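The values are calculated or read from the model by the stated rules, or taken from the named source; none is laboratory data. Keep in mind it's a predicted model, so treat the numbers as computed, not measured. Just so you know, the surface numbers come from the protein's heavy atoms only, side chains and all, with ligands and any DNA or RNA stripped out. Shrake-Rupley method; radii C 1.70, N 1.55, O 1.52, S 1.80 Å.
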Amino acid sequence: MSKGKSIHALIILMFTQFISGGVTNTKGIVLDQVENDLGLDMGQFGLVVFIFQLGFTLASVIIGYYTDKKGLRTMTIIGSIILGLGFLGTGLAPNIMFFLGFYMIVGFGLGALGVASNAIVPAAYPQKQNQMFNFAMGVYGLGMVLFPQLLNFMFQFASWRYFYIGIAATLIAVIIYITSVAFPSGKAEKIDLKAFIPMLKDAQFVFLLVFLVFQVSAEVSFTNFFPTYLKSLDLGGISKQTKEDMVATILSVFSIFFMVGRLGVAYLTNWINERIILITFSAGSLIMVGVSFLVAESFPYLFAGAGLFFSALFPTATAFGTQLSKTSGSALGLIYIAAGLGGGIAGYIIGVASEIFGMAGGFSIVLIFLLLMLITSFFMNSQKSTQASS
């Protein structure tokens with residue numbers, strides 16, 4: 001492949017990862033603003049999270065199929081158009097129903113671009129895939145770090161609507177760029193529905209799916225509901241603006257730990273097997289979040305440390321799953337479905353629980369997800385897989 005095509009592909013990949021990291025880590029901050037603007041109650045807040053995750057999951061499965069059929073450039077453009085329309089509609093939504101509908105489109109668009117960007121790496125950099133995926137991970141983390149600060153600054157003089165409309169405008173430039181430059185041809189990993197059967201008959205793969213349901217439940221619940229939870233605390237009677245600054249700072253530091261943790265564990269896997277990493281980091285997540293709850297009023301910044309332990313769980317579990325199956329594309333399909341269901345259902349559960357028991361009561365369900373995740377991790381052992389031994 002020509003150097004020009006590789007550079008253009010890299011630019012698109014980095015932009016996609018930066019936006020995805022930023023938007024994913026700021027849903028809770030934005031939804032907290034939407035709660036005041038559109039009269040969103042906590043039950044509806046949870047429904048928004050569910051809708052987003054559902055859209056993301058559908059895209060992860062559907063777009064992979066069409067990327068294989070229609071090509072990388074076409075599906076990257078389509079994903080950008082869907083995401084742009086979703087952001088524009090969300091930013092202009094006059095009421096909750098429109099907001100919910102367009103937010104699902106945002107989730108679908110982010111999922112679509114995620115699939116397409118993952119297909120860019122092997123197409124543009126076949127000899128440097130590991131290096132490029134780590135680079136993309138770093139840019140994703142950079143978006144997670146910078147976006148909370150950007151939003152906190154913007155909210156001092158502008159509505160949350162301008163944030164989404166601004167991203168939609170940026171995507172117009174991206175679409176023009178993609179259509180006017182040389183672009184690599186590439187395919188996404190195929191999903192073979194027949195391959196689901198042996199995986200679902202393998203107890204180890206089922207344990208993995210259960211683990212992912214609880215892991216993503218905990219992570220999605222934390223990042224989406226933490227801003228509202230923190231603002232519900234007294235924290236010595238500090239002002240609302242000070243709390244908003246604190247939320248942005250904690251999420252940014254959480255993201256720094258998250259980024260460093262992922263890069264560090266990428267090297268740890270050379271010496272330590274996935275099972276040990278999953279058990280260790282699951283226990284660390286539960287302990288860190290549990291202790292943070294106990295000292296939340298006096299030292300809320302401790303919550304940021306959870307980013308280090310959350311960081312390794314999803315990529316390590318994904319690696320655990322793909323090595324159990326001979327068809328990695330199908331394994332990833334099931335993994336994304338489990339992750340999407342976990343994140344979506346958990347968001348709805350915590351939203352409803354927060355409406356009934358208050359924010360502290362609802363947000364504390366994260367600890368239940370983390371405990372169930374830790375228990376499941378003890379049952380995971382790739383050497384006991386029926387597929388690995390066949």
Pairs to check: Lys27/Lys243; Lys70/Lys201; Lys27/Lys240. Give those whose C-alpha atoms are more than 24 Å from each other in this structure. Lys70/Lys201
Among Ile287, Ile368, Ile272, whose mean-square fluctuation peaks in a Gaussian network model of the chain (Cα, cutoff 10 Å)? Ile272
Give the distance, in whole Å, between the Cα centre of region 196-263 and the Cα centre of region 23-60. 14 Å
With helices defined as uninterrupted DSSP H runs, which ones in the chain have an alpha carbon span along their own long axis of at least 27 Å and mean Kyte-Doolittle hydropathy of at least 0.0? 3-38, 42-70, 72-92, 96-124, 129-154, 160-180, 203-232, 240-268, 274-294, 328-357
Please work out the Cα center distance from region 266-286 to region 345-382, rounded to the nearest Å. 21 Å
Relative contact order (percent) for the chain, with alpha-carbon contacts under 8 angstrom and 6 or more residues of separation? 27 percent
Report Lys70's accessible area, 1.4 Å probe, all protein chains in place, as a number in Å² to the nearest 10. 130 Å²
Most fluctuating residue given options Leu334, Leu92, Leu278, as computed from a GNM of the chain linking Cα atoms under 10 Å: Leu92
Between Pro300, Pro148, Pro94, find the one with the highest GNM mean-square fluctuation for the chain; connect C-alpha pairs within less than 10 Å. Pro94
Region 336-375: C-alpha gyration tensor shape, a/c 1.5 cut-off, then a/b vs b/c: oblate
